[in-house]
Amino acid sequence: AHEMSMLCDAEVALIIFSNRGKLYEFCSSSSMLKTLERYQKCNYGAPETNISTREALEISSQQEYLKLKARYEALQRSQRNLLGEDLGPLNSKELESLERQLDMSLKQIRSTRTQLMLDQLQDLQRKEHALNEANRTLKQRLMEGSTLNLQWQQNAQDVGYGRQATQTQGDGFFHPLECEPTLQIGYQNDPITVGGAGPSVNNYMAGWLP
């Protein structure tokens, strides 16, 4: 604004309201009020009019207020009509226009609701997929754990069988001594037939006698 006032050799006044309600203003002249007075004079009346600047501002403010009030009342009336109230003063064209507005509103509401339901469905599908993946992972881990448990049991049985086989082989090298029959010299329990052995004994003994 300052550059424009310098380049165009013009009187520039700038008023800015931020979203938070802060006021920022710039005026190339020494007084913002004088610039506004010049604006009111040029906009609402010729210089020869007898209306003062204050009255012009009051009239402008009143006109702006009336416009805003009429717009507010129109919005309230439209809202009541959309809710099904105060429909008596409306003619056929206004009723058709209201019906079209309601149809468009219903379509938009249904479209928004459908999109919301689709988004929720996609979210549920993603959650279901994640739960299935987690369940599959848990099953795989459980199967791996069961396989390892079976392997450990098999190894433990193999170790037990190996120990039993070692003990069996060791027992084969050491046999208990069986009791042999007592060797008796010079005495026999068996009965000897005296009649049949008499001559032999006599002949055998005769050989040793002188």
- line: If the chain between Y65 and T112 were fully extended at 0.36 nm per residue, the gain over the current Cα-Cα distance would be 13.2 nm
- prompt: Taking H as built 1.01 Å from N, whose amide H comes closer than 5 Å to the amide H of V12, not counting residues under 5 places away?
  reply: S28, S29
query: To the nearest 0.05, what FRET efficiency results for E94 and N132 with a Förster distance of 41 Å applied to their C-beta separation?
result: 0.15
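Give me the Å³ per residue figure for the convex hull around the C-alpha atoms of the range 70-111. If you can, show how the numbers build up before the last one.
Numbers: hull volume 3.1 nm³, N = 42.
Dividing the Cα hull volume of the range 70-111 by its residue count gives 74 Å³.
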- prompt: For the range 90-130, how big is the tail of P(r) above 15 Å, as a whole percent of Cα pairs?
  reply: 60
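Every read-out reported here was derived from the displayed coordinates using simple, explicitly stated rules and does not represent laboratory data. On a predicted model such as this, the values are computed, not experimentally measured, just so you know. Cβ coordinates were reconstructed from backbone atoms using ideal geometry, including for glycine residues, and neighbour counts include every protein chain displayed.
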